[in-house]
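What follows is a short report on a single structure.
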Amino acid sequence: MTKAEILKQVLSEQKIKREQIETDCKVALQKYLNNLEFKNAYENYNKKLINYAKAKHQSIDVDIALQDLNIEKLAFENVLKKLNIDKNSLFPNYECKICKDRGIVNGKYCSCVMNKVNIKLQNLSKSATSLQTFENSDERVLNADKNLQKTYDVILKWIDNFENTQIKNINFIGQAGTGKTFLLECIASKLLKMGVNVHFTTAFSLINECKNYHFSKPSLLEEYLNCKALIIDDLGCEPIIKNITIEYLYNIISLRQKNGLATLISTNLDREDLLDRYDMRIFSRLFLKKVSLTVLFSNKDLRTH
């Protein structure tokens with residue numbers, strides 16, 4: 001299943017859920033309206049709401065209309081209390097308060113939709129196996145490597161402070177097999193459980209999507225720009241395509257940094273190799289001191305131990 005197909009599926013699920021929530025709310029309201037006391041209080045309150053809206057629009061007797069509204073609101077609330085009716089049950093209880101389960105806000109896909117798309121993609125990726133988690137970490141390896149344990153402690157603290165931390169770029173640098181991808185998966189898994197909109201991809205897949213976008217083929221490039229945490233594994237293994245790789249990579253990293261969004265990468269290249277492969281603009285964005293954290297991984301291949 002492609003990303004476009006998954007997105008279509010999620011939007012369809014959102015529509016069905018929204019319609020059900022609204023239907024349930026209408027059914028509950030109709031039941032309450034069978035009570036004459038509730039019906040009178042409800043209708044009187046709504047009349048005052050309309051009068052207040054008109055007064056505000058016409059800028060006439062706004063204070064009087066607001067006073068009348070408050071009086072009727074209090075009377076309505078007293079009736080609700082008397083009848084033991086939860087006020088929230090009168091309104092649709094949407095799962096997402098941002099888009100009201102429409103899935104789109106200001107012409108863009110809501111983060112709730114993209115988060116669900118990402119989760120479905122994760123479930124389909126890696127031969128249908130799940131992401132690694134911190135619970136899967138080998139305590140023996142961590143206990144034997146104090147630097148690695150320190151790295152895990154720092155990352156866990158960063159995750160706990162995700163919404164408020166100034167650090168938005170994290171770079172994992174080290175040879176293959178040193179635990180970079182494992183830790184990135186752990187981070188993605190924990191953030192997803194926290195409800196953070198995460199997109200986990202490889203540099204190869206990212207550049208392939210950029211190529212599709214560049215040549216006007218179907219692509220969900222905006223998810224790379226708008227997700228709260230973009231995780232790019234294996235930077236340096238993607239092809240260098242003229243007018244695409246460097247240009248799009250720079251724009252994605254730069255725009256995300258400008259918007260205060262987290263970008264995490266892993267690479268087998270050292271700083272010098274990164275500077276040689278990419279231009280100074282990308283290098284400076286990745287290692288901007290105030291917002292970046294760089295972790296150097298041991299040369300020990302953990303997969304052989």
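The values are calculated or read from the model by the stated rules, or taken from the named source; none is laboratory data. What you see is a predicted model; the values in this text were computed from it and never measured. Counting neighbours? That spans all protein chains shown, and the Cβs are built from the backbone with ideal geometry, glycine included. Just the protein is used for accessible areas: all its heavy atoms, side chains included, with ligands, DNA and RNA removed. Shrake-Rupley method; radii C 1.70, N 1.55, O 1.52, S 1.80 Å.
A quick yes/no check of all residues on (1) hydroxyl-bearing (S, T, Y); (2) modelled with pLDDT under 90; (3) within 23 Å of K100 (Cβ to Cβ); (4) open to solvent by less than 70 Å² (accessible area, probe 1.4 Å):
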position: Q14; (1), (2), (3), (4): no, yes, yes, yes
position: D61; (1), (2), (3), (4): no, yes, no, no
position: D68; (1), (2), (3), (4): no, yes, no, yes
position: L74; (1), (2), (3), (4): no, no, no, no
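Rundown of residues vs (1) modelled with pLDDT under 90; (2) touching a Ser or Thr at 6+ places or on another chain (Cβ under 6 Å); (3) among the hydroxyl-bearing types (S, T, Y), yes/no style:
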position	(1), (2), (3)
L235	no, yes, no
L274	no, no, no
R277	no, no, no
K289	yes, no, no
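Sort through K116, K48 and tell me the only one that's under 30 Å from C227 (Cβ atoms), in contact (Cβ under 8 Å) with a residue 24 or more places away in the chain and open to solvent by less than 90 Å² (accessible area, probe 1.4 Å).
When all the criteria are applied, what remains is K116.
If a residue has to be in contact with a helix residue (DSSP H, G or I) (Cβ under 9 Å, 6 or more places away or on another chain) and part of a loop (DSSP other than H, G, I, E, B) to count, how many in region 1-34 make the cut?
Residues that pass the stated criteria total 1.
Kindly establish whether Y94 is of a type in the set (F, W, Y), open to solvent by less than 90 Å² (accessible area, probe 1.4 Å) and under 30 Å from D233 (Cα atoms).
No: the conditions fail for Y94.
Of Y248, Y213, Y224, which residue is open to solvent by 10 Å² or more (accessible area, probe 1.4 Å), modelled with pLDDT of 85 or more and aromatic (F, W, Y)?
Of Y248, Y213, Y224, the one residue that is open to solvent by 10 Å² or more (accessible area, probe 1.4 Å), modelled with pLDDT of 85 or more and aromatic (F, W, Y) is Y248.
Identify the single condition in (1) open to solvent by less than 10 Å² (accessible area, probe 1.4 Å); (2) more than 29 Å from G103 (Cα to Cα) that I187 does not satisfy, given that it satisfies every other one.
With respect to (1) open to solvent by less than 10 Å² (accessible area, probe 1.4 Å); (2) more than 29 Å from G103 (Cα to Cα), I187 is out only on (2).
Sort out which residues of region 227-245 are open to solvent by 20 Å² or more (accessible area, probe 1.4 Å), at negative phi and touching a residue at least 40 places away in the same chain (Cβ under 8 Å), and write them in order of number.
K228
In region 255-294, what residues are under 11 Å from N169 (Cα atoms) and free of Cβ contacts under 8 Å to residues at least 40 places away in the same chain?
K289, the sole residue that qualifies.
Only one of (1) in a loop (DSSP other than H, G, I, E, B); (2) of a type in the set (K, R); (3) farther than 29 Å from S205 by Cβ is not met by K56, so which one is it?
Unmet for K56, out of (1) in a loop (DSSP other than H, G, I, E, B); (2) of a type in the set (K, R); (3) farther than 29 Å from S205 by Cβ: (1).
I need the full set of residues from region 251-267 which are of a type in the set (K, R) and surrounded by 16 or more Cβ atoms within 10 Å (Cβ to Cβ), in order please.
R256
From the list D270, D279, which one is open to solvent by less than 60 Å² (accessible area, probe 1.4 Å), among the charged types (D, E, K, R) and either over 23 Å from I167 (Cβ atoms) or in contact with a strand residue (DSSP E or B) (Cβ under 9 Å, 6 or more places away or on another chain) (or both)?
D279
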